[in-house]
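Below is one structure, written out as structure tokens; the observations come after it.
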Amino acid sequence: MKMINFKDAKIPAIGMGTWHMGSDRAAYAQQKATLQYGIEHGATVIDTAEQYGDGDSERLVGDVIKDFDRSQLFVISKFYPFHAERKQMQRALDASLKRLGTDYLDLYLYHWPGSTPLAEVVANMEAMQQSGKVKHWGVSNFDLSDMQDLWSVPGGQHVMANEDLYNIGSRGIDFDLLPWQREHNVPLIAYAPVDEADGRGANLTKQRALVEVAKRHAVTPFQIMLAWAIRDGQTLAIPQTSSEQHMQENIAAGDIELTTDDLQLLDQAFPKPTRHQSLDII
Ligand SMILES: NC(=O)c1ccc[n+]([C@@H]2O[C@H](COP(=O)([O-])OP(=O)(O)OC[C@H]3O[C@@H](n4cnc5c(N)ncnc54)[C@H](OP(=O)(O)O)[C@@H]3O)[C@@H](O)[C@H]2O)c1
């Protein structure tokens with residue numbers, strides 16, 4: 001699996017999302033087995049949030065990671081914007097750590113911009129980092145103007161990453177946000193990278209260019225969507241799956257090298273944006 005430099009960490013380019021996982025008792029064993037399979041096969045980055053299933057996703061992740069060497073994992077969680085004040089953030093973090101059964105997070109994300117002044121949110125995230133309970137902090141669902149605001153507050157430039165919706169069918173951030181992040185060395189975490197949360201990916205993957213490039217590499221169009229999302233070597237994609245077969249395919253997508261011809265064909269079918277677009281959020 002392709003590794004990427006994530007500020008001072010080196011992590012695999014494909015991780016695992018866990019939204020909507022952990023709450024359905026009938027699906028629990030399969031979801032747990034799939035995440036275990038993922039870690040065993042190199043997908044050592046796991047993305048969760050206090051929001052997901054009201055803590056059920058974090059509990060599932062805790063149940064999975066207890067059997068692995070914690071130092072080999074990169075665990076991401078997120079706090080609600082209404083937990084951005086100091087005391088609430090401390091409580092939210094402690095509760096997440098308890099559900100996860102770990103004493104630190106590798107990355108703690110401000111889930112989406114809220115009403116607490118950004119300078120205060122940053123100061124609080126810096127304090128969480130200093131406590132040792134958080135190795136790094138970052139943001140999510142930030143657009144270009146949010147990143148520019150962040151850059152101007154004290155400590156804002158310590159941000160490790162921004163997690164936004166990004167896939168070949170939703171590439172508005174290619175216009176301005178992603179070039180800005182590359183210039184400022186802020187990696188992207190691409191969520192919904194196969195655009196399947198709303199079932200749109202199934203339609204996208206019937207698209208001729210994706211089918212053609214998939215054929216060239218003898219893989220599935222979903223795998224090409226993942227290879228495309230991580231093509232710059234600075235992006236982490238976090239597809240979610242409860243299927244071992246899909247997990248295996250997603251991990252294998254981390255090794256696909258798209259050629260210039262592939263990228264041109266895909267650009268024709270899914271053109272680069274030519275003006276600023278409002279950020280896609282789910
Ligand atoms: N920061 C944020 O605000 C935010 C928002 C949304 C999501 N996220 C994070 O991003 C993660 C991923 O986003 P998402 O779950 O919305 O969308 P996604 O990963 O694009 O789509 C997930 C869906 O794709 C299917 N799938 C995955 N791999 C596949 C493959 N190789 N072939 C065919 N189908 C495949 C899965 O079905 P199967 O189970 O059948 O494989 C699942 O239904 C979430 O789990 C969450 O951790 C973050």
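Sparsely packed loop sites in segment 150-254 (the trypsin sites (Lys or Arg not before Pro) outside DSSP H, G, I, E and B with at most 11 other Cβ atoms within 10 Å) comprise LYS206.
From Cα pairs below 8 angstrom and at least 6 apart in sequence, can you work out the relative contact order of the chain, rounded to a whole percent?
Value for the chain: 21 percent.
Counting every C-alpha pair in segment 94-247, the share spaced more than 28 angstrom apart comes to 30%.
Rounded to the nearest 20, the size of the Cβ-charge dipole of the chain about its Cα centre is 220 debye, with Lys and Arg at +1 and Asp and Glu at -1. Computed with a 1.4 Å probe over protein heavy atoms only, the accessible surface of segment 3-269 comes to 41 Å² per residue. Using the empirical formula 2.2 N^0.38 Å as the baseline, the Cα radius of gyration of segment 1-111 reaches a ratio of 1.03.
Loop-located GluC sites (Glu not before Pro) across segment 202-272 with a Cβ neighbour count of 13 or fewer within 10 Å are GLU257, with loop assigned by DSSP. Considering only VAL194, GLN248, TYR104, and ranking their Cα positions along the charge dipole of the chain that arises from unit charges at the beta-carbon of Lys, Arg, Asp and Glu, the one farthest toward the positive end is TYR104. Distance between the C-alpha centres of segment 20-94 and segment 234-264: 21 Å, rounded to the whole angstrom. Summing +1 for each Lys or Arg and -1 for each Asp or Glu among the other residues whose beta-carbon sits under 14 angstrom from that of GLN248 gives -4. Once the mean of 1/r is taken over each pair of separate Cα atoms and inverted, segment 195-270 shows a Kirkwood hydrodynamic radius of 12.6 Å.
Relative to its residue count, the chain spans a Cα convex hull of 117 Å³ per residue.
Between GLN223, GLN240, GLN30, the residue with the greatest mean-square fluctuation in the GNM of the chain (Cα pairs under 10 Å linked by springs) is GLN30. Mean silhouette area of segment 126-215, derived from the convex hull of its C-alpha atoms and averaged over all directions, reads 7.5 nm².
The values are calculated or read from the model by the stated rules, or taken from the named source; none is laboratory data. From a predicted model like this one, the values you see are computed outputs, not experimental measurements. For neighbour counting, all protein chains shown are included, and Cβ atoms are generated from backbone atoms with ideal geometry for every residue, glycine included. Areas reflect the complete protein model, heavy atoms only, side chains present, ligands, DNA and RNA absent. Shrake-Rupley method; radii C 1.70, N 1.55, O 1.52, S 1.80 Å.
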